[in-house]
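The values are calculated or read from the model by the stated rules, or taken from the named source; none is laboratory data. Being a predicted model, the structure only gives us computed values, none of them experimental. Don't worry about glycine lacking a Cβ; one is built from the backbone with ideal geometry, like all the others, and counts go over all protein chains shown. Note: areas computed on protein heavy atoms with side chains; ligands, DNA, RNA excluded. Shrake-Rupley method; radii C 1.70, N 1.55, O 1.52, S 1.80 Å.
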Amino acid sequence: MAISRRKLLVGTGVGAGVIAVGGGATLLSDGLPSDPDTLLRIDALPSDDPTPGWFHTSQKRQPQPPLNGDAEAPWVVIGGGFTGLAAARQVALNFPNDQVILVEAQQVGFGTSGRNAGFLIDVPHDIGAPDYIGDQKIARNILHLNQTGQRILHDLVEQYDITGAQLRHVGKYQAAVEDSGIAVLEAYHGGLQKLGQPATLIDGKDLPDHIGTKFYRKALYTPGTMLAQPSGLVKGLADHLPENVTLYEDTPITAVEYEPQIVLHHPTGRIIARKLVLANNAFGTHFGFLQHRIIPIFTYGSLTRPLTKAEQDSIGGKDFWGVIPADPFGTTLRRTHDNRILVRNSFTFNEDGRHKPNATAKFRQSHRLSFERRFPTLKDVEFNYTWGGGLGMSRNGSSFFGELRKNVYGSLGCNGLGTVRGTAMGTLLADWLAGKHHELIDFLLAMETPSFNPPDPFLTMGVNFTLRQGMASAGLEA
Ligand SMILES: Cc1cc2nc3c(=O)[nH]c(=O)nc-3n(C[C@H](O)[C@H](O)[C@H](O)COP(=O)(O)OP(=O)(O)OC[C@H]3O[C@@H](n4cnc5c(N)ncnc54)[C@H](O)[C@@H]3O)c2cc1C
């Protein structure tokens, strides 16, 4: 490791920061000396709001302690979400004699992977194509990829009896109220038929028997989706990693050196890695890759208190269902295993990937409006939790999969579909690293790179404009 003799050691202190001192010496605030020419400080660390409903209502678990001091391993995976958990597991299975370190800045289940709406969707949905399917070959690969992720998650839940995942194979409703939304459903129905995937259009008058609301005019039901309690699911996955994986939670990587060897700095020490896998979604851009290509966009969810028996009876419908909107800027809705209603909508651009202090209060009001439109008889049912979570979005909808530089690999940029896709991509990345062959690996390696966006101020202006326009045009779908 390139540590110059001129460097000074200072007392330890939590939090990253490079302090330049006279004579060219550089001190890290983690107290460790390093070479200023090769050291990259990670200038944005995950910091999510404290109220993710799924996290607080899922099984309590004892998180793995943070790494204290130095460590070394042939493999290090950064990011304890769906992608990183899958990558670490599969690297460990493919290389049973190697130790794998998995580091997560927060607790597993607290970050975006535990904050989503819990849809494990099988069918592709290309919003850029007239029939929402587009190129059949690509669509078949996406379907195969999504089904691979579903199968992996389903099998692990069964194998380890992860009851907290509340995983059920119940399908999903994609619902519309505006004419534009109905046109989307009809076109998509045609696209799915071409792909040979089952899908049924349901008229608005029949929808209350399914989802307990008269709000929608039409829905497209596809049976292949599974629904989960996402935080319970990833917590369970973290508790059943192979023996040669060591998970460190609450361990943010604060700086990195790639040459002459990979050194990861954290608040109390360093990790030396032979090979590094980045599975930290939009935060991967702070490690020197894909800048202006993967953009941190936040979206927001609220969970009501559990409905009473009388309230459940008053709305009717099935006791467990999920609705996604026909308009991408519309509202996602779920009735959960514990009889709460989930509402998800609204987007913001959070440049540094961290939550914004007033956002949850603001979007709780949007959720309230959307909820009361759909369930006017439940006006007295309050929200217990409102939270936000960061997505890694790209303009062309593409993710990154493969080698970022020598001995550094990544599966980055979830594009809002990372439960199954991240699981499949993390697993396949590990298989590719083990020299295995699979048609999906070829597909992922040939995927377009996430497209480049102009830097600020154009980036911020452009993203904010697109989000505002999208949210405004969603109309009643919001
Ligand atoms: C409200 C909401 C609803 C959603 N609904 C759905 C849905 O229904 N279905 C679906 O498929 N997807 C949904 N998504 C998207 C889904 O949650 C993501 O696609 C998925 O979480 C991506 O998984 P990942 O493992 O790639 O990344 P992440 O879940 O973002 O995990 C990356 C992890 O890396 C960690 N990390 C980052 N930087 C560092 C560092 N320096 N050191 C250590 N650790 C670090 C982070 O703390 C984080 O836990 C939704 C998202 C939100 C916010």
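Summary table below
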| quantity | calculated |
| --- | --- |
| Selection within region 129-154 - open to solvent by less than 70 Å² (accessible area, probe 1.4 Å) and away from the ligand (no atom under 15 Å from the Cβ) | Ala129, Asp131, Tyr132, Ile133, Gly134, Gln136, Ala139, Asn141, His144 |
| Residue count for region 402-420, restricted to those that are surrounded by fewer than 24 Cβ atoms within 10 Å (Cβ to Cβ) and within 13 Å of the ligand (Cβ to nearest atom) | 3 |
| Within region 268-319, tally of residues that are over 24 Å from the mean Cα position of the chain (by Cα), part of a strand (DSSP E or B), among the charged types (D, E, K, R) and crowded, with 16+ Cβ neighbours inside 10 Å | 1 |
| Residues being more than 15 Å from the ligand (Cβ to nearest atom) and either polar (S, T, N, Q) or without any contact (Cβ under 8 Å) to a residue 60 or more places away in the chain (or both) - total across region 312-336 | 4 |
| Cross-chain or 6+ apart pairs with Cβ under 7 Å, region 276-295 first and more than 20 Å from Thr419 (Cβ to Cβ), then more than 12 Å from the ligand (Cβ to nearest atom) and among the hydrophobic types (A, V, I, L, M, F, W, C) | Leu276/Ile262; Leu276/Val408; Phe289/Leu404; His292/Phe452; His292/Leu459; Arg293/Phe452 |
| Subset of region 64-82 that is closer than 21 Å to Gly418 by Cβ and part of a loop (DSSP other than H, G, I, E, B) - its residue that is farthest from the ligand (Cβ to nearest atom) | Gly80 |
| Test for Asp338: is it among the acidic types (Asp, Glu) and over 17 Å from Phe383 (Cα atoms) | no |
| Residue within region 145-155 that is within 26 Å of Arg340 (Cα to Cα), in contact (Cβ under 8 Å) with a residue 12 or more places away in the chain and among the β-branched types (Val, Ile, Thr) present | no |
| Residue satisfying condition, being modelled with pLDDT of 95 or more and in contact with an Asp or Glu (Cβ under 8 Å, 6 or more places away or on another chain), within set Ala87, Ala92 | Ala92 |
| The lone exception for Gly232 - which of (1) within 30 Å of Pro46 (Cα to Cα); (2) in a loop (DSSP other than H, G, I, E, B); (3) touching a Gly at 6+ places or on another chain (Cβ under 7 Å) it fails | (2) |
| Qualifying residues in region 342-367 (those that are free of Cβ contacts under 8 Å to residues at least 60 places away in the same chain and away from the ligand (no atom under 12 Å from the Cβ)) - the one least open to solvent (accessible area, probe 1.4 Å) | Ala361 |
| Matching residues, region 47-63, being in a loop (DSSP other than H, G, I, E, B) and open to solvent by 30 Å² or more (accessible area, probe 1.4 Å) | Ser47, Pro50, Thr51, Gln59, Lys60, Arg61, Gln62, Pro63 |
| Residue count, region 167-222 (criterion: assigned to a strand (DSSP E or B) and open to solvent by less than 40 Å² (accessible area, probe 1.4 Å)) | 9 |
| Subset of region 251-266 (residues that are within 13 Å of the ligand (Cβ to nearest atom) and either among the small types (Gly, Ala, Ser) or open to solvent by less than 20 Å² (accessible area, probe 1.4 Å) (or both)) | Thr251, Ile253, Thr254, Ala255, Val256, Leu264, His265, His266 |
| Among the candidates Thr419, Thr423, Thr460, residue that is out of contact with any strand residue (DSSP E or B) (no Cβ under 8 Å at 6 or more places or on another chain) and either outside any loop (DSSP other than H, G, I, E, B) or modelled with pLDDT of 95 or more (or both) | Thr423 |
| Answer residue from region 375-396, given it is open to solvent by 30 Å² or more (accessible area, probe 1.4 Å) and under 14 Å from Leu290 (Cα atoms) and is nearest to the ligand (Cβ to nearest atom) among those | Met393 |
| Residue list for region 227-250, restricted to those being more than 10 Å from the ligand (Cβ to nearest atom), crowded, with 21+ Cβ neighbours inside 10 Å and under 30 Å from Gly171 (Cβ atoms) | Gln229, Ser231, Gly232, Leu233, Lys235, Gly236, Leu237, Ala238 |
| Residue match in region 439-455 (condition: open to solvent by 30 Å² or more (accessible area, probe 1.4 Å), free of Cβ contacts under 8 Å to residues at least 12 places away in the same chain and within 23 Å of Leu278 (Cβ to Cβ)) | yes |
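Residues checked against (1) out of contact with any His (no Cβ under 9 Å at 6 or more places or on another chain); (2) at pLDDT below 95:
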| position | (1), (2) |
| --- | --- |
| Ile3 | yes, yes |
| Gly31 | yes, yes |
| Asp35 | yes, yes |
| Ile42 | no, no |
| His56 | yes, no |
| Gly81 | yes, no |
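The rows are residues; the columns are (1) within 19 Å of the chain's Cα centre (by Cα); (2) more than 27 Å from Gln59 (Cβ to Cβ).
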residue: Arg334; (1), (2): yes, no
residue: Arg340; (1), (2): no, no
residue: Asn345; (1), (2): yes, yes
residue: Glu382; (1), (2): no, no
residue: Ser398; (1), (2): yes, yes
